[in-house]
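Notes to accompany the following structure.
The values are calculated or read from the model by the stated rules, or taken from the named source; none is laboratory data. A quick note: this is a predicted structure, and the numbers were derived from the prediction, not measured. Positions of Cβ are backbone-derived with ideal geometry, glycine not excepted, and every protein chain shown enters the neighbour counts.
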Amino acid sequence: EAALRTSDGLLGLVARAGAGDAVYVQQLYERPHWGDPVYGPNLRLQAYVEAARRGAHVRILLNGGSFDLDYLPLTAEAEAVAAVNAIAESEGLDMSARLGDPTDYGIHNKMVLVDLGARGQYAHVGSINGSETSNKVNRELALQVESTDLFQYLYAVFVHDWEHEIPYEPFLSGDSVCHVEGDGTRGERIHRCEMNSCWSCSDRYPGTLAAVLEGTGNLGPAFNAR
């Protein structure tokens, strides 16, 4: 019942973050919007973007693994990453998002870390995913704790996972989706391909992402790039 309460809880905590503060998000997924792409923004993503607009350092890591399933579409995750990065680029924000798979299996974590400096370091962990259903319908649970020790421990995990992103992560590049070719080692050359023309773009990310990749992304009018 308190998942979307702005006086406290996650949204209230993130709303306190501004210049000199930091927000680190690691989620199984964050939907680019809830319901209607124009009038149904993901309130969680909106909070992260607004924190960056107030000057906070924001990093968002979403699942890019398959959990050993034969087919696990990651279109929504790729759209959210592309839209967040487009807003960051267009507005010059200290905000970045990516897909990751540090275990070569998948990210199932639901964690938000908020560093408010002298005002405290917080960890928000639990079962809440980044969908409207998870936040409004399901019986979910999260604990929000002010603890420097807990924050530092989980922050070290986040940094490790952030630095081991998947090699085929898509990102904004005109009308193309890009990924790294090769055996997955970091630093290999970037392959650029047209929409739906290679395995990484057409099979792993089915459908077209052109609406997101050609513009500034669409997270809803309340917090799209200004």
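In the set LEU154, LEU143, only one residue is touching a strand residue (DSSP E or B) at 6+ places or on another chain (Cβ under 9 Å), free of Cβ contacts under 8 Å to residues at least 60 places away in the same chain and either part of a loop (DSSP other than H, G, I, E, B) or over 16 Å from VAL23 (Cβ atoms) (or both); that residue is LEU143. The condition of being in contact (Cβ under 8 Å) with a residue 40 or more places away in the chain, over 20 Å from ASN109 (Cβ atoms) and touching a helix residue (DSSP H, G or I) at 6+ places or on another chain (Cβ under 6 Å) does not hold for ALA52.
The strands (runs of 3 or more DSSP E) falling completely within segment 1-102 include none with 2 or more residues that are modelled with pLDDT under 95, polar (S, T, N, Q) and within 23 Å of LEU141 (Cβ to Cβ).
Residues that are surrounded by 18 or more Cβ atoms within 10 Å (Cβ to Cβ), more than 17 Å from SER134 (Cα to Cα) and either touching a Pro at 6+ places or on another chain (Cβ under 7 Å) or not hydroxyl-bearing (Ser, Thr, Tyr) (or both): does segment 29-42 have at least one? Taking every residue of segment 29-42 in turn, none turns out to be surrounded by 18 or more Cβ atoms within 10 Å (Cβ to Cβ), more than 17 Å from SER134 (Cα to Cα) and either touching a Pro at 6+ places or on another chain (Cβ under 7 Å) or not hydroxyl-bearing (Ser, Thr, Tyr) (or both). In segment 17-37, the residues that are under 24 Å from ASP161 (Cβ atoms) form Cβ pairs under 7 Å with partners that are among the acidic types (Asp, Glu) and modelled with pLDDT of 95 or more, at six or more places apart or across chains, as follows: ASP21/ASP115; ALA22/ASP115; GLN26/ASP161. How about segment 111-131: which of its residues are over 19 Å from ALA97 (Cβ atoms) and either within 19 Å of the chain's Cα centre (by Cα) or among the charged types (D, E, K, R) (or both)? Those that are over 19 Å from ALA97 (Cβ atoms) and either within 19 Å of the chain's Cα centre (by Cα) or among the charged types (D, E, K, R) (or both): ARG119, TYR122, ALA123, VAL125, GLY126, SER127.
Screening HIS108 against (1) within 15 Å of the chain's Cα centre (by Cα); (2) crowded, with 18+ Cβ neighbours inside 10 Å leaves a single unmet condition, (2).
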